[in-house]
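The values are calculated or read from the model by the stated rules, or taken from the named source; none is laboratory data. Everything quoted here is computed from the prediction, not taken from an experiment. Reconstructed Cβ throughout: ideal geometry from the backbone, glycine too, with neighbour counts over all protein chains shown.
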Ligand code: B12
C-alpha cells in the first residue's frame with residue numbers, strides 16, 4: 001500500500017486550548033477530506049488526514065507522499081512541514097488558495113504544486129506519482145458552463161469529527177459573483193459554480209448528524225438555485241448554518257424556504273457601519289440603513305447571526321471602534337467578530353496598497369486578520385491594533401453580551417456559550433505573545449514582493465527540471 005498523508009496546518013485563532021483540551025470554534029474543514037475522496041478509487045492507497053487545528057501534526061509518519069493545504073496565514077508553517085518531510089526524502093505536494101496565488105513561492109518548498117481546484121488534476125498527479133512521472137506543476141483547466149459536476153462525497157469517515165462546533169460540512173457552490181476588494185475568492189475562482197442539487201442532497205444524506213454547516217462563501221448568490229436547493233432539503237430535516245449577504249432579506253420566498261429547510265444561523269460580513277466605506281471596498285450592496293431591518297427579520301425567523309466587522313479601512317479614524325461596538329449592541333448581533341483589513345496577495349487591495357507603499361509586513365504569519373500589516377490612512381498601526389483589541393474586550397464584557405441576548409431558549413443558550421468562547425479568545429488577545437505587537441518584528445516589510453516570486457515562476461522551465 002502507498003501511504004498518503006494530507007495535512008491542514010494549524011489555523012491558530014480558531015482553536016481553544018485549555019491544557020490538553022483542544023476545541024475548534026469552527027466547523028470541520030472540507031479541504032483534505034474532499035482531496036481524499038478524489039483519489040478513493042485508487043485501491044493501492046492508504047490515506048491519512050490531519051487537521052493541525054485540533055490534532056498534532058506527525059513529523060515522523062512513514063508517508064510515501066505528503067500533501068499540504070495552504071492558506072496565506074498558515075503558509076509559513078506549511079512550508080516548515082514541507083521542508084521537514086522533503087529533508088527526509090518524502091515528496092511533498094502543495095495546493096490551496098495561497099499556492100494558487102503564489103505558485104512561484106510555494107514551488108520552492110514542494111516537489112509539485114497544484115494550482116486551482118483539484119477535481120481533475122489531483123487524481124492525475126497521484127497516478128503520475130505512482131508511475132514515477134510526477135510533474136512539478138499541475139494547473140486546473142477552466143470549467144465550461146456554470147455547473148461543477150463529479151465532485152465526490154467528502155470522506156467524512158477518514159476525518160476526525162470530535163473537537164469541532166459542527167462535525168459535518170458541505171459545499172454546494174464555489175466562488176462568488178461579487179468582487180469585494182479584500183477578498184481572495186473572486187481571484188481564485190473566476191466563476192460562480194454550482195453543484196447539481198442531487199449531488200448536494202446525496203452528500204447531505206451521507207452526514208449522520210442533524211446539524212451541518214455550509215462553507216460556501218455566498219450560498220444564495222444565485223437565488224433560483226438556492227431556492228431549489230432549500231426545497232430539496234426540506235424532507236431531510238437537517239438544521240444548518242452558512243454564509244450569505246444582507247440583501248437576501250428582500251426575497252421573501254427565499255427566506256421562507258431557508259427557514260423550512262432548517263436554517264438556524266448565518267454568518268454575515270457587515271464589514272462596516274459606514275456607507276462610504278462599503279462603496280469604496282466594492283461592497284455597496286451592504287446598506288447600513290438596512291441592518292436593523294435585516295437583524296429584526298432574521299431574529300423573527302429564529303435565525304441567529306454571526307456578524308463580522310473589519311477595522312482599518314482608509315476612512316476609519318479613532319471613533320470607528322466605539323461606533324462599531326455601540327452599533328453591534330444596538331443591532332443585537334448574536335455573535336460578533338472583528339478583523340483587521342488585510343491585503344491578501346492577488347487581491348485588488350494588495351495591488352493598491354503596494355502601489356501606495358503601505359504594506360508593512362510580508363510575514364505571512366501576520367496575515368490572519370488579527371495583525372496589522374498595513375499603514376492605516378488615519379491612524380498608526382499601533383492605534384489600529386489597540387482599538388481592535390479594545391473593541392473585542394468591550395463587546396465580550398458580560399454586560400454587553402447580556403445586552404445583546406434575546407430572551408431564553410435553545411438558540412440563546414447556544415449563542416451565550418459562543419460568546420463565552422469569544423471571551424476566552426479576548427484573554428488570548430491580551431495575554432498571548434503572538435498578539436503582543438501589531439505585526440512580527442522578523443521580516444519587516446523588506447522581503448521580496450510577491451510579484452517577484454511569480455516573475456521567477458516559469459512553468460515551462462520548471463516542468464522539465
Ligand atoms: C472553511 C474556511 C475556513 C476554515 C477551514 C479552512 C480550510 N482550508 O478548509 C478555517 C476556519 C480554518 C478558516 C480560517 C481562515 N480563513 Co478561511 N475559508 C474557509 C472557506 C469558507 C472554505 C474553504 C473550504 O473548505 N473549501 C472547500 C475545499 C474543498 O476547497 P479548497 O480548500 O479550496 O481546496 C481545493 C483546492 O484549493 C485544492 N487544494 C486545497 N488544498 C490542497 C492541498 C493539496 C495537496 C492539493 C493537491 C490540492 C489542494 O483542491 C481542493 C479541491 O478542489 C474559504 C472560502 C472558499 N470558498 O474557499 C475561506 C478562505 C479559504 N479563508 C480565508 C481566510 C482569510 C481565513 C482566515 C485568515 C480568516 C479569519 N479571520 O478567520 C483564517 C485563516 C487563519 C490562518 N491562520 O491561516 C480566505 C483565504 C485567503 C488566503 N489567501 O489565504 C478564504 C479564501 C476566504 C476569503 N474570503 O478570501 N477558513
Legend entry - the stretch 374-394, residues that are in contact (Cβ under 8 Å) with a residue 60 or more places away in the chain and farther than 14 Å from residue 310 by Cα: 377, 378, 379, 383, 394
Inset, instruction - List the helices (runs of 4 or more DSSP H) that sit entirely inside the stretch 352-465 and contain at least 3 residues that are at pLDDT below 95. - result: 398-404, 410-431, 450-455, 459-464
Inset, instruction - Go through (1) over 25 Å from residue 26 (Cβ atoms); (2) part of a loop (DSSP other than H, G, I, E, B) one by one and return the number of the condition residue 343 breaks. - result: (1)
Inset, instruction - Could you figure out which of (1) assigned by TED's automatic domain parsing to the domain that holds residue 235; (2) free of Cβ contacts under 8 Å to residues at least 40 places away in the same chain isn't true of residue 164? - result: (2)
Inset, instruction - Taking residue 140 as meeting all but one of (1) at pLDDT below 95; (2) farther than 30 Å from residue 371 by Cα; (3) more than 9 Å from the ligand (Cβ to nearest atom), write down the number of the exception. - result: (3)
Legend entry - Counted residues, the stretch 105-126 - those being more than 11 Å from the ligand (Cβ to nearest atom) and surrounded by fewer than 19 Cβ atoms within 10 Å (Cβ to Cβ): 1
Legend entry - Selection status of residue 307, touching a helix residue (DSSP H, G or I) at 6+ places or on another chain (Cβ under 6 Å), in the same structural domain as residue 420 (by TED's automatic domain parsing) and crowded, with 21+ Cβ neighbours inside 10 Å: no
Inset, instruction - Could you pull out the residue among 348, 279, 358, 327 that is in contact with a helix residue (DSSP H, G or I) (Cβ under 9 Å, 6 or more places away or on another chain) and farther than 23 Å from residue 73 by Cα? - result: 327
Inset, instruction - State the number of residues belonging to the stretch 278-304 that are within 30 Å of residue 410 (Cβ to Cβ) and in a loop (DSSP other than H, G, I, E, B). - result: 4
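Conditions (1) touching a helix residue (DSSP H, G or I) at 6+ places or on another chain (Cβ under 6 Å); (2) surrounded by fewer than 15 Cβ atoms within 10 Å (Cβ to Cβ); (3) modelled with pLDDT of 95 or more; (4) not assigned by TED's automatic domain parsing to the domain that holds residue 344, marked per residue:
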{"residue": "195", "(1), (2), (3), (4)": "no, no, yes, no"}
{"residue": "207", "(1), (2), (3), (4)": "no, no, no, no"}
{"residue": "218", "(1), (2), (3), (4)": "no, no, no, no"}
{"residue": "221", "(1), (2), (3), (4)": "no, no, no, no"}
{"residue": "233", "(1), (2), (3), (4)": "no, no, yes, no"}
{"residue": "255", "(1), (2), (3), (4)": "no, no, yes, no"}
{"residue": "272", "(1), (2), (3), (4)": "yes, no, yes, no"}
{"residue": "293", "(1), (2), (3), (4)": "no, yes, yes, no"}
